[in-house]
Structures are given as C-alpha cells and as structure tokens.
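Read the structure below first, then the notes.
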Amino acid sequence: MDPAIFTQWEMVIGLEVHVELNTRSKLFSTAPNRFGDEPNTNISVVCTGQPGSLPVLNQEAVRKAVLFGCAVQAEVAHYSRFDRKSYFYPDSPRNFQITQFEMPIIRGGYIIADVEGNPRQFPINRAHLEDDAGTLKHYHTFAGVDYNRAGVPLIEIVSEPCLHSAKEAVAYASALKALLEYLNVSDCNMEEGSLRMDVNISTRPKGSKELRNKVEIKNMNSFSFLTLAVEAEFRRQVHAYLARPQDDPKTIIHQSTYRWDPERKEAVLMRTKESADDYRYFLEPDLPPLILEQEYIDNLRAQLPELPYAREKRYIQQLGLAHDISQILVQEKALADYFEQALTRCPGNPKGVANWIVVEFAGRYKESGQTIWNSGLPPHRVGDLVAMIEKGDITGKIAKLVADEMVLYPDKEVCAIVDANPLFRPVQDESALSDIVDKVLQHNAQSVEDFKSGRTKAFAFLVGQVMKETQGKASPAVVNRLLHEKMGTN
C-alpha cells in the first residue's frame, strides 16, 4: 500500500496509566506493599478476600493521590467514594475490584510535554484510586497465582482522547512518569509493573470529528512497545476500513481488548470489549465516603516540589543549557539531582558539567547497564573534573582518560588519580612549549594574519595545532599566553 494513503487518516489515542503507589502497606490492609518477595507471603485476610474481612483505607495512598491532583492542576474532590467492579478471574480473589467509578478523587487537570521541541498541554479526564489484582504465573506444565500484588494501591490516570500520534503518546507518558517520580508517589519501575499503560486507539479520516470504535491494547510496559503497538494498530485499522469502504465503520472495527506480542510485533485479540454494565458496578458497602477538607488539600499543594517541566525551563533560561540536554537531565529526577550536586563544585560552567554527565559518563556506563547516579561515583567528583579542566590543571583530552579511571575507581578523588599518573599531567614546561609554538606560528603564517585581522576562529585553530603537536597534553593556559606573546596580541 502506498504510504501516502496513511496521511489521509488520523489516529485518536487515549491512555489509561496504572500507577502503583509506593506506600508501605496495601490500599485496604496492613499487608506489606513490597515487590520481589516469595509468592504469597505479603498477604492478609483482606487482600485474599476471606469471608467477613473488612477493608480499611490507607491514608498515605490518599495523600499521594491528592498530591498528584494538585501537581496537574486538577479538581481534587472534597467528596468521593468507592465502588465494586465485579469480574471473575483467578488473580482477583474477591471476584471484584474496589475502585472509584462514579465519583473519583481527581477530575480534570493536564500534563505539559514537549513534542518535537514544542510545548503541548494534554488534558486528563480523571484519576481514581483502586486496588491491584494478583499476578498469574505460567510455568511449563502448570500455572499459579501470586497474591502479593493483590490489594496494592493504584491510581489510574485516564487521559482525554487527545493524542494523535505515537510521538504524542510517548511524550505524554514520559512526562507523566517523570512527574510521578518527582512527587515520590511511585517508583514507576516499568519492568516490575509499577507503571503500566493501556492504550485506546481508534482511526478516522483526517478532518472528521467522529469517534469511531476503539481498540484497547493492555499492559504496555515500555515506551518502545507503546510506539510499535500504536503504529501497528493504526495501520491495521486503516487497512480494514479501506478494504470495506461501503460498510458501516461500526461493523468493521469492533470494540475489543488486545495484548501486545513483542515477538510477533502485533496485537493479539484477548476478548471483545466489555461495557460498564458487564462489570455490575455498585456502591462499595464496606467503605464510607472519602471526605477531604480544603485545608488538607491546600497544605499538600504548598508542599509540591519543583516539577520536571519547570525544572527544564529553569535549566534552559537560567543555566543556558540546550533544550535536548535539559530534557535528558530532568527526565530522571535522580539524574537532575546528580547534575545539580556536581554543579556546586564549578557553578560557573553548567554546560560543561551537563555535557560530561549526559555524554561522556553516560557513554562509559552504557555497556554495563549502569546509570551514573547508582554507579557509586559521587557527583562532586564529576564537578571536580570539570573544575580542573577550567583551571587548566588538565586538558580535555587528558580528562577523558581520567574519566575512564574514575569509572574504574569511583572511591578515588580526581586529584589523586591525576597525581598518581605522570601521563595525566599537562605539559607545563615553557621552554619546550615555546619551541612548539614557534614551529606552529612559522607553518601557519596565514592564520596569524587572519587572527590579527579580527578573525577569532584563527586563534582557536592555532591552539589546536599546538595541542596536536603535544598530543593534547599542553596546558591550555600556557599555550594561550605564549601564542599572544609571540604574536604581540596581548
């Protein structure tokens, strides 16, 4: 099919993001909320649905939900309540989930994200509290259920159907993940299932305003899978509509639930889509309404930290960092915190510190799968390295070799690494450098004239030639001074 055909169609995407809250205990019981323990050890009579057991709401989960609502400028409900959502599946021991269907705790709000360098505001429909299900584990000859996750507190964040490309969906989800981490309401570990995305996608002719039947793809746990799933489902729906142009669109794409198969790179049908009636929602009889005072909400709003989008703009406007570098730094709160701690050692050079963290050290840790903030290398040592370059104690080329040693020996101070290796000391001998500078000036007379005529780039070229002759080991400060002296341009 001609790829131009797809430009005549538009995808409409809504995301439902399930976020496990990092509370110490579960949403309605005192059982530990902890990942990775032996199966069926973090359980209680409540989260396993024993007869006569009664839920008690976790106050800390409420606080984290309200904090999120304040951060996205949403309406935090003074009065909300819980409902039962009935479904029968092995991972649901009660045969119902406790959620907020009719009256959620959060309504409205928005996420700000950059899409290809342009700021966009994506509206949120709602966010509500609910408890998670258990985990089905499939083995070679049998399957089992681990109820450790049953009852873990979630907030489900539902966007409006406002996304129209995979890039927008990833930008929204990435910005949401960063925001949640800054608020410390979740660790957002996608590999462990702390953040999971259900993507709802429908397709319509470009220019149309109708919302056609949507397909839901469940439990996406990576942004790369999200991209692949959205684009594959969009193509599938376009092909289906073009194959039956005379038929009612409702008979072509049916509302269904799929899962993403990463090996086949396609969505696999799980079941036809249920409606709200199928879940038989009704008011949860064992929990009273949740009532919040305005003073409580205002106190939490006053506790909000600097959020990632505001931090990114500060880096650009106040520190002069490039947009792409700023975005990389703030995407992980731990990385941005690391950068700011390193910057205290050389506050006048934020660009240098950012470049060493985002480019140089990131490349060195990539192969091992580590990140600089969990590598054991203290941030002040990166700042010390940049400061030594600034002072002329080492050259940029030597600094790269020193950085290699810093990765191998994170407990060593930078100055100790430099002092221990004679090769890491810049050439300071003026008599030796003087002869090299004379040679460079003699062989580059035109560059000397260019510099004297006002072409400043010519001076950088001359410095580069001296560095080339000294294999990058000459002291930049000494080289600059000798060049000016010998050219009479002090």
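Picking from A61, N189, P262, whose Cα lies most toward the positive end of the charge dipole for the range 3-299 (charges on Cβ: Lys, Arg +1; Asp, Glu -1)?
Of the candidates, P262 comes out farthest on the positive side.
Give me the one-decimal nm value for the distance between modelled label points at Q303 and A362, 7 Å along each residue's Cα-to-Cβ direction.
3.3 nm
How big is the charge dipole of the chain about its Cα centre, in debye rounded to the nearest 20, if each Lys and Arg gets +1 on its Cβ and each Asp and Glu gets -1 on its Cβ?
With only Lys, Arg, Asp and Glu charged at Cβ, the dipole is about 740 debye.
Label the range 308-417 by shape, choosing from rounded, prolate and oblate, from the square roots a ≥ b ≥ c of the eigenvalues of the Cα gyration tensor; if a/c is under 1.5 it is rounded, and otherwise prolate applies when a/b is larger than b/c, oblate when it is not.
Here the range 308-417 falls in the oblate category.
Please state the relative contact order of the chain as a whole percent: Cα pairs under 8 Å, 6+ residues apart?
Contact order relative to length: 14 percent.
Pull up all non-local amide H partners of V115: gap of 5 or more, or a different chain, and H-to-H distance under 5 Å with H placed in the peptide plane.
R120
Could you list L483, L304 so that the one with the fewest beta carbons within 10 Å of its beta carbon is first and the one with the most is last?
Values: L483 20, L304 13.
Least to most surrounded, the residues fall as L304, L483.
Which net charge results for the neighbourhood of R84, defined as the other residues with beta-carbon distances under 12 angstrom from its beta-carbon, given Lys and Arg at +1 and Asp and Glu at -1?
Result for the local shell: -2.
Would you work out the Kirkwood radius for the range 225-305? I mean one over the mean of 1/r across all pairs of different Cα atoms, in Å. Walk me through the numbers on the way to the answer.
Values: mean 1/r = 0.0573 Å⁻¹.
Its Kirkwood hydrodynamic radius stands at 17.5 Å.
What is the extension gain from N421 to K439, computed as 0.36 nm multiplied by their sequence separation minus the C-alpha to C-alpha distance, in nm to one decimal?
Values: separation 18, 0.36 × 18 = 6.48 nm, distance 2.86 nm.
Fully extending the segment from N421 to K439 adds 3.6 nm.
Rg and Dmax of the range 1-128, Cα atoms, in Å?
Final numbers for Rg and Dmax: 19.3, 62 Å.
To the nearest 20 debye, what is the magnitude of the charge dipole of the range 308-417 about its Cα centre, counting +1 on the Cβ of each Lys and Arg and -1 on the Cβ of each Asp and Glu?
Values: 13 positive and 14 negative charges, 50 e Å.
Dipole magnitude for the range 308-417 comes out near 240 debye.
Under 8 Å for C-alpha pairs, at least 6 residues apart: give me the relative contact order for the range 89-144, rounded to a whole percent.
Once normalised by length, the contact order is 37 percent.
Using alpha carbons only, how many angstrom separate the centre of the range 316-393 from the centre of the range 142-190?
Measuring centre to centre over Cα atoms gives 28 Å.
In Å and whole numbers, how far do the C-alpha atoms of the range 112-237 stretch along each principal axis, longest first?
50, 36, 24
Could you tell me the ratio Rg/Rh of the range 430-487? Both radii from Cα atoms, Rh via Kirkwood.
We get a ratio of 0.93 for the range 430-487.
How much length is gained on full extension from E449 to Y89, taking 0.36 nm per residue of separation minus their Cα-Cα distance?
Details: separation 360, 0.36 × 360 = 129.60 nm, distance 8.23 nm.
121.4 nm is the gain from fully extending E449 to Y89.
Would you work out the charge dipole size for the range 196-330 about its Cα centre, treating the Cβ of every Lys and Arg as +1 and the Cβ of every Asp and Glu as -1, and quote it to the nearest 20 debye?
Charge dipole of the range 196-330: 740 debye, to the nearest 20.
Taking the Cα of Q317, stepping 7 Å toward and past its beta carbon, and measuring to each backbone N in the range 59-91: which are under 19 Å?
Output list for this probe position: 72-73.
Rounded to the nearest 500 deg cm²/dmol, what is the calculated helix-only ellipticity per residue at 222 nm for the chain, with -39500 (n - 2.57) per DSSP H run of length n ≥ 4?
Value at 222 nm, helices only, nearest 500: -11500 deg cm²/dmol.
Please sort by residue number the GluC sites (Glu not before Pro) in the range 172-250 whose DSSP state is loop and whose Cβ has at most 15 other Cβ atoms within 10 Å.
The qualifying sites are E191, E192, E210.
Principal axis lengths of the chain from Cα atoms, whole Å, largest first?
Taking max minus min along each principal axis of the Cα atoms, the chain gives 89, 58, 54 Å.
Every number here is computed from the coordinates shown, using simple stated rules; none is lab data. All values derive from a computational prediction rather than experimental measurement. Glycine gets a Cβ as well: all are built from the backbone with ideal geometry, and neighbour counts include every protein chain shown.
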